[in-house]
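Report on the following structure.
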Amino acid sequence: MENIISVHELTKSFDGNKSLDGMSFDVKKGEIFGFLGPSGAGKTTTIKILTGQILPTSGEVSVMGKGPKQLNHTSHLKHIGVMTDSSGLYDRLSIYENLKLYTSLYDVPQPKEKIEEVLSLVDLNEELRKPVSKLSKGMTQRVILARALLHEPELLFLDEPTASLDPASQRWIHEGLRQLNQRGTTIFLTTHDMEEAETLCNRVAFLHDGAVKEMEQPRSLRRKYSDNTFTIQLDDGKTYVINQGKSGAGRAASLLETDRVTAVYSNEPTLGDIFVDITGRELI
Ligand SMILES: Nc1ncnc2c1ncn2[C@@H]1O[C@H](COP(=O)(O)OP(=O)(O)OP(=O)(O)O)[C@@H](O)[C@H]1O
C-alpha cells in the first residue's frame, strides 16, 4: 500500500539535547496508525514536525509527498486536520457558531448540513446552541474533533485525543474516528492508552528514547511476543499452563475430560506487557 507519511532517520535537538534520535517509520494511506510512548518519548515533537510547526535537525520526512519546509503551506494544510490540546475555539460563541466560522475558512460546501452531520457523529446535535465556555472537557474535545471532520481531511493528526476523558466521550471520539477513517481519512494518533491502540489502530509504533522500537499490527505483535501457551483452570482454582499445538493437546484433552474445567484463557501478552518487555518501562 502507498505510504502517506515516511520518516527516515529523523533527529530533532533542542539546545543540544536530542529529543528524536534516528526515528524511522511509515504510515500507509487509509490506515489508523497509533504512535505509542511514555511521557517525553517524543510524540508531540514528531507531530509538530509532521504538521510543519517545527523543522527537523536532520533526516528525511515526507507527508503526502511534501518535505518539511512545505508542510506549513496553506495549499497543503487544506488536506490535513490537526487535533491537539490547544483548542482554538471561541469560548463565547456557541458550538454551531464556532463550526460555522470554520466552514467559511475552509469553503465547506453546504455548511449547515455538514455541521449537523459532524455533530451527530460525536453526539452533540442537541447541544449546538451551547456556548463553548459551558462545555465539559469531554464535550470540548468532541467539538474539536467535529471541527477536524468538517473538511474531511485526507490525513488527520491527533495528539492524545481521549486523554483524561470520561468513557462516553471516549466512545464517541472512537466512533467518530472510525467513521472518518471508513470515508478514507488516514489517521495518525498518539496515545498512552493501550486499549485505545488495540481497539482503534491497524498498526502501532512503540516509541522509546526518541526512536521507534517496534512497528506492527497489534495482533501480530501479541503473537510475536507470545510464549505460545494457554491456561486451563479447574473448579478448585488450580491452573495448568498448556503448550499450544500438538504437544499440549493430550494434556488439555485429559483435563477437559475430568469435567472440572471452569475457564480456559489465553496467555498472549497485552500491548502494555510487550512495551515493558522491549523498553523496560511502563507506558505511563
Ligand atoms: N521546545 C522545546 N525545548 C526544549 N525541549 C523540548 C521542547 N519540546 C520538547 N522538548 C523535549 O523533548 C522531549 C520530547 O518531548 P515531547 O513533548 O515530544 O514528548 P511526548 O512524548 O509528546 O510527551 P507527553 O506524552 O508528555 O506529551 C522531552 O524531553 C521534552 O522536554
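Which whole-Hz ³J(HN,Hα) couplings does region 19-26 yield from phi under the Karplus relation 6.51 cos²θ - 1.76 cosθ + 1.60, θ = phi - 60°, glycine and proline marked x?
Working through the residues one at a time gives 8, 10, 9, x, 7, 9, 6, 9 Hz.
Report, by chain and number, residues whose modeled amide H sits under 5 Å from the one on residue 158, excluding near sequence neighbours (fewer than 5 apart, same chain).
HN-HN under 5 Å from residue 158: 83, 188, 189, 190.
For a test of understanding, tell me how many lysine pairs in region 1-123 have Cα atoms under 15 Å apart, given they are 8 or more places apart or on different chains.
Total qualifying Lys-Lys pairs in region 1-123 comes to 10.
Per DSSP H run of at least 4 residues, take -39500 (n - 2.57); add these up for the chain, divide by its residues and hand me the 222 nm value, nearest 500 deg cm²/dmol.
Theoretical 222 nm ellipticity from helices: -10000 deg cm²/dmol.
Under 12 Å from the Cβ of residue 55, count the other residues' Cβ atoms, weight Lys and Arg +1, Asp and Glu -1, and hand me the total.
Result for the local shell: +3.
Give me the distance in nm between label points sitting 7 Å out from Cα along the Cα-to-Cβ direction at residue 256 and residue 171, one decimal.
3.5 nm
Multiply the residue separation of residue 240 and residue 18 by 0.36 nm, subtract the distance between their alpha-carbon atoms, and state the gained length in nm to one decimal.
Length gained, residue 240 through residue 18: 75.2 nm.
Among the aspartates and glutamates, which fall within straight-line cross-link reach of residue 213, defined as a Cα-Cα distance under 17 Å, with same-chain neighbours fewer than 8 residues apart omitted?
Correct list for residue 213: 9, 21, 26, 273, 277, 282.
What does the charge add up to near residue 208, with Lys and Arg as +1, Asp and Glu as -1, over the other residues with Cβ less than 12 Å from its Cβ?
-2
If amide H atoms are built 1.01 Å from N in the plane of the peptide, which residues on other chains or at least 5 residues away come under 5 Å of the amide H of residue 207?
36, 37, 213
If contacts are Cα pairs under 8 angstrom and at least 6 residues apart, what is the relative contact order of region 3-222 in percent?
Across region 3-222, relative contact order equals 29 percent.
Since every read-out is calculated from the coordinates, none of them should be taken as a lab result. As the structure is a prediction and not an experimental result, all values here were calculated from the model. Note: ideal-geometry Cβ built from the backbone for every residue, glycine included; neighbour counts use all protein chains shown.
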